[in-house]
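Before any comments, here is the structure.
The values are calculated or read from the model by the stated rules, or taken from the named source; none is laboratory data. Just so you know, these numbers come straight off a predicted model, no measurement behind them. Please note: Cβ atoms are built from the backbone with ideal geometry, for glycine as well, and neighbour counts cover all protein chains shown. Ligands, DNA and RNA are excluded from the accessible area calculation, which covers all protein heavy atoms including side chains. Shrake-Rupley method; radii C 1.70, N 1.55, O 1.52, S 1.80 Å.
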Amino acid sequence: MMFTCTTPGCTDRAHGHGFAAARKGYAAAARARRRSVSSKLVRDRKGRMLRVDIHCHYLNRDAAAKLAHLNPAQYEPSVKYASAFTREVNVKQMQDRAAKLSTIEVRLEDMDRMGIDIQAVSPAPQQTYYWTEPGLGAEVSRMVNERLAEIVAKWPDRFVGLGTVPLQNVELAVIELERCVKQLDLRGVEINPNVAGKELTDPSLNLDRFFAKARELDIVVFMHPIGFTQGDRLMDHYLNNVIGNPLDTTVGASHLIFGGVIERHPGLKIVLPHAGGFLGHYWARMDHAWRARPDCRTVIKKPPTSYLKKFFFDTITFDPEMLRNLIDKFGAAQVLLGTDYPFDMGEEDPVGLINSVPRLPSAERERIMGGNAARLLKIRR
């Protein structure tokens, strides 16, 4: 990772130093916010529904620096399966966008420019660090989560947090999940669609315990890809992002459906980025397979789309007609404004995209802009 702070005694809060000392302060602030909330939907002083971005990232420089000696890039599909030219472009992008990723004051200016009132800010996708030894993974997760909580405590009107947990060890993951929600007031967690190449339904991971706890705590699970893990054929032309990211989401969500996770844990609030990957737009094939083949019915009792409809989807389609189709299939209540800030594959004008969707009633537009996210994330004022 290339965002590290090497200045001894640095006191820049944007770098995330001193999070342990700040814990009591932001925990108290979180309790105060919970006591003062009302039951009304989130609106500004003019009565406009606030616009909430479900899909945006923050890079924790201290966590990156802590693991830099382990060469994290060797474990990241987005780096492993990339051409030399793509890696060169990625390095330039990271240099250009470093401030956006880690400096809140820059982020706030961009949010105002884009018309975003609140971000549900989650870690940079590679900062799940599932490849680490579980104890180290738990330690780094705590670092990432405490910095996110610190950001929310300092700017409570602009951010809510989605943390991370070490899914490579379900016991540690459940412990950190409870801490995220009960101590840090984070509203959910970001996970990847696989755990260092293992499917989320792999019996060795026993992640049903994690999903059960997520359902019990009634929090958001934001499932973000980091490139396809078998990306040998996707190295050129940035294909392991262009195709690989939505493909990884498609595979991960399919395992959750066909493996019965959604059936066993009804009420899970799982958000799929990039408009659900390919699954959100080519769903009929899996229903056909479920009807045609017994090996597609070994676990689930209903057609796969009956479970797919329980997921939530962001608006990152880059096309109003495609977004219109997503809304038509899954309903406006399942669609949330997303930007993928601050990456170049993100949506720069999320409000304009939603406003350009044909035949979209104003009530549905308001829900997609922020009402749905406010409900899922328990944002009230």
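Descriptive notes on the structure:
- Selection from the stretch 65-102 of residues that are surrounded by 16 or more Cβ atoms within 10 Å (Cβ to Cβ) and of a type outside the set (A, V, I, L, M): 66, 72, 75, 76, 77, 78, 81, 86, 90, 97, 100, 102
- Scanning the stretch 198-217 for residues that are part of a loop (DSSP other than H, G, I, E, B), closer than 15 Å to residue 252 by Cβ and in contact with a strand residue (DSSP E or B) (Cβ under 9 Å, 6 or more places away or on another chain) yields 200, 202, 205, 207.
- Filter result for residue 250 (closer than 30 Å to residue 85 by Cβ and either part of a loop (DSSP other than H, G, I, E, B) or without any contact (Cβ under 8 Å) to a residue 40 or more places away in the chain (or both)): yes
- The stretch 330-369, residues that are within 16 Å of the chain's Cα centre (by Cα), outside any loop (DSSP other than H, G, I, E, B) and not polar (S, T, N, Q): 335, 336, 341
- Residue 51 being modelled with pLDDT under 60 and either within 25 Å of residue 222 (Cβ to Cβ) or within 24 Å of the chain's Cα centre (by Cα) (or both): no
- Residue check, residue 289 at pLDDT 95 or above and farther than 26 Å from residue 189 by Cα: yes
- Filtered by the rule that a residue be of a type outside the set (Lys, Arg), more than 27 Å from residue 58 (Cα to Cα) and either open to solvent by 10 Å² or more (accessible area, probe 1.4 Å) or modelled with pLDDT under 95 (or both), the stretch 314-331 gives 320, 321, 322, 325, 328, 330, 331.
- A count restricted to the stretch 139-197 and to residues that are at positive phi and crowded, with 21+ Cβ neighbours inside 10 Å stands at 2.
- Answer residue from the stretch 103-123, given it is assigned to a loop (DSSP other than H, G, I, E, B) and open to solvent by 10 Å² or more (accessible area, probe 1.4 Å) and is farthest from residue 273 (Cα to Cα) among those: 103
- Scan of the stretch 253-278 for residues that are in a helix (DSSP H, G or I), of a type outside the set (D, E, K, R) and either within 13 Å of residue 211 (Cα to Cα) or open to solvent by less than 10 Å² (accessible area, probe 1.4 Å) (or both), ordered by number: 253, 256, 257, 261, 262, 275, 276
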